[in-house]
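The structure appears below as structure tokens.
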Amino acid sequence: MNVTLLEIIDHSFHYEMENLCRVFFPNDEIKVIKGSGSCDGDKITTALVKNGGKVAVRAAAELSGREYSSELPATGEDEDEQERLMAVALFNILTEATGYTPKWGILTGVRPSKLMITLINDYGKQGAYGYFTEKLLVSGQKTRLAMAVADAEERIIKSSAPNSFSLYVGIPFCPTRCSYCSFVSHSIESPGAKKLVPDYVEKLCEELSITGGIARDLGLRLESVYFGGGTPTSLSAESLDRLLYAVGNSFDIRSAREYTVEAGRPDTITADRLEVLKKYGISRISINPQTFNDEVLKNIGRSHSAGQALEAYNLSRSMGFGNINMDLIAGLPGDTVESFMTSVDTAAKLAPESITVHSLALKRSSGLVTRGERVEDGNRMSAMLEYNASKLGESGYFPYYMYRQSRSLGNMENVGWCRPGAECIYNVFMMEECHTVLACGAGSVTKLKAPRENHIERIFNFKYPYEYINRFRELVDRKKLITDFYNAYKI
């Protein structure tokens, strides 16, 4: 693996500068140092230069034997503006050096649509468009995407009341671990996981009961329920039945506008499991092939075929599920622009109510990263996502929510596309942090949103299933913080 040295001189903007370097060099190790250093390979320097009363930002690089530099004047002592200008200077030299111009410019944040909503409220649509394109160097195409998502999200955000909340239930088990995954999920087939499941389900039912009681005492209104993971349907039909009963017994689900279960892996979708989901009125399921290329599925460690994904979809339709989401991932190892296009075409032809398209993210603890596998460059990622947007737009889908992950290839986005009326409101509530999400299960995080304020507090559950089981009484004590939080505000 190539190592690129990033020098940070007289400024504290190392986080954004490192993130921007990763956009251009996804297969390199970026070694960050404060001050000057020496190396035998590539080197990038970012510096805040003060000369008398004048301040400038400077970016320079020695890459593959060539030198690049850019310096911009920075007026005043506004650190946010200095950071923006330094990112612009770095962007200038890296686009010249690599021949790649990232579509999102210097914008590396997780929630571009949330920023767009703020800018529209402050400056209007024209002003927000100008800020994205001129100040952040975002392409017109991505700026229009952010505006479209902002419009769709704002309609959903406004439907949330001060006492609204959503429920997340985490199931940290999967059939196998995918190469790109860094979530805490255990293979359901391993002896250790099989031993944990009964106790995990029992404790989760207890946590649901306790959490439901708190929500009821506080007068909170349930808007949506989301079973995620992991793969919830990796549990047996009997375990699913017990958990879904616990949700209905602990919460007033009559007010819920949406009830989603991530069926996720097609090899876990069976008639008996689907019967359980129907029994409890699940209104939305996800079937996530990720790709319809069998060779790519093998590359990422999936134990199902593209054919099984089609069978699972057809079985779900035949059993009456009328709101199905399918996930695809752009940039998977071994996938080409052409084979990704085929996956998009296949999904669009099936016509699920929504299609969520993710950009591959290089998670530090994933097998993909630890093995040092090489991944797609930004230009090919752009081609994949441009085709996807065109195809899904022509097929009657529109973008309704968006987020980005750290170290996503090409700094690209994850977008939920849906047909009119099929928006997943949980996705918007959770991503835009516009109301409380009470979370149950190992690795889950409760997000408490202050009524009529932007303040957010988090309560973390224990990460690993064995820890969740063994330290359950500590977790129950943390639940008291929910009541303390709401008592500090008047709903």
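The values are calculated or read from the model by the stated rules, or taken from the named source; none is laboratory data. Computed from a prediction, not measured in an experiment: that's the story for all the values here. Note that each Cβ is placed from the backbone with ideal geometry, even for glycine, and that neighbours are counted across all protein chains shown. Accessible surface is based on the protein model in full, side chains and every heavy atom, while ligands, DNA and RNA are left aside. Shrake-Rupley method; radii C 1.70, N 1.55, O 1.52, S 1.80 Å.
Quick look at the values:
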quantity: Of all residues making up the stretch 136-156, the number that are closer than 20 Å to PHE24 by Cβ and open to solvent by 60 Å² or more (accessible area, probe 1.4 Å); calculated: 1
quantity: In the stretch 450-483, the residues that are part of a helix (DSSP H, G or I), open to solvent by 90 Å² or more (accessible area, probe 1.4 Å) and of a type in the set (D, E, K, R); calculated: ARG473, LYS480
quantity: Residue within the stretch 178-187 that is modelled with pLDDT under 95 and β-branched (Val, Ile, Thr) present; calculated: yes
quantity: Filter result (within 16 Å of ALA389 (Cα to Cα), touching a helix residue (DSSP H, G or I) at 6+ places or on another chain (Cβ under 6 Å) and either among the acidic types (Asp, Glu) or assigned to a loop (DSSP other than H, G, I, E, B) (or both)) within the stretch 290-344; calculated: GLY331
quantity: Checklist (1) over 22 Å from GLY378 (Cα atoms); (2) open to solvent by 40 Å² or more (accessible area, probe 1.4 Å) applied to GLU29, failing item; calculated: (1)
quantity: Any hit, the stretch 235-252, residues being in contact (Cβ under 8 Å) with a residue 40 or more places away in the chain and within 26 Å of ARG419 (Cα to Cα); calculated: no
quantity: Candidate set from the stretch 414-434 (those that are crowded, with 24+ Cβ neighbours inside 10 Å and either at pLDDT below 95 or in contact with a Cys (Cβ under 9 Å, 6 or more places away or on another chain) (or both)); member that is nearest to THR260 (Cα to Cα); calculated: CYS424
quantity: Selection within the stretch 118-133 - modelled with pLDDT of 95 or more and either under 21 Å from the mean Cα position of the chain (by Cα) or surrounded by 17 or more Cβ atoms within 10 Å (Cβ to Cβ) (or both); calculated: LEU119, ILE120, ALA128, TYR129, TYR131, PHE132
quantity: Restricting the stretch 400-412 to residues that are buried (at least 24 other Cβ atoms within 10 Å of the Cβ) and either under 22 Å from ARG257 (Cβ atoms) or of a type in the set (Asp, Glu) (or both), the residue that is farthest from the chain's Cα centre (by Cα); calculated: TYR400
quantity: Flag if THR4 is within 19 Å of ARG407 (Cα to Cα), touching a strand residue (DSSP E or B) at 6+ places or on another chain (Cβ under 7 Å) and hydroxyl-bearing (Ser, Thr, Tyr); calculated: yes
quantity: Positions within the stretch 303-313 being open to solvent by less than 30 Å² (accessible area, probe 1.4 Å) and within 13 Å of GLY264 (Cα to Cα), in sequence order; calculated: HIS304, ALA309, ALA312, TYR313
quantity: Residue match in the stretch 376-392 (condition: assigned to a loop (DSSP other than H, G, I, E, B), at pLDDT 95 or above and surrounded by fewer than 24 Cβ atoms within 10 Å (Cβ to Cβ)); calculated: no
quantity: Unique residue being in contact with a Leu (Cβ under 9 Å, 6 or more places away or on another chain) and at pLDDT below 95 when the list is ALA263, ALA246, ALA271, ALA215; calculated: ALA263
quantity: Odd one out for LEU481 among (1) over 26 Å from LEU244 (Cβ atoms); (2) at pLDDT below 95; calculated: (2)
quantity: Output for the stretch 54-89, where each listed residue is at pLDDT 90 or above, among the aliphatic types (A, V, I, L, M) and buried (at least 20 other Cβ atoms within 10 Å of the Cβ); calculated: VAL57, ALA59, ALA61, LEU85, MET86, ALA87, ALA89
quantity: When residues of the stretch 1-21 are limited to those that are surrounded by fewer than 20 Cβ atoms within 10 Å (Cβ to Cβ) and charged (D, E, K, R), the one farthest from the chain's Cα centre (by Cα); calculated: ASP10
quantity: Residues that are closer than 20 Å to GLU81 by Cβ and open to solvent by 30 Å² or more (accessible area, probe 1.4 Å), drawn from the stretch 32-50; calculated: VAL49, LYS50
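The rows are residues; the columns are (1) open to solvent by 20 Å² or more (accessible area, probe 1.4 Å); (2) in a loop (DSSP other than H, G, I, E, B); (3) not polar (S, T, N, Q).
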| residue | (1), (2), (3) |
| --- | --- |
| ARG216 | yes, no, yes |
| LEU222 | no, no, yes |
| GLY228 | no, no, yes |
| SER239 | yes, no, no |
| LEU244 | no, no, yes |
| ASN249 | yes, no, no |
| ARG254 | yes, no, yes |
| THR260 | no, no, no |
| ALA263 | no, no, yes |
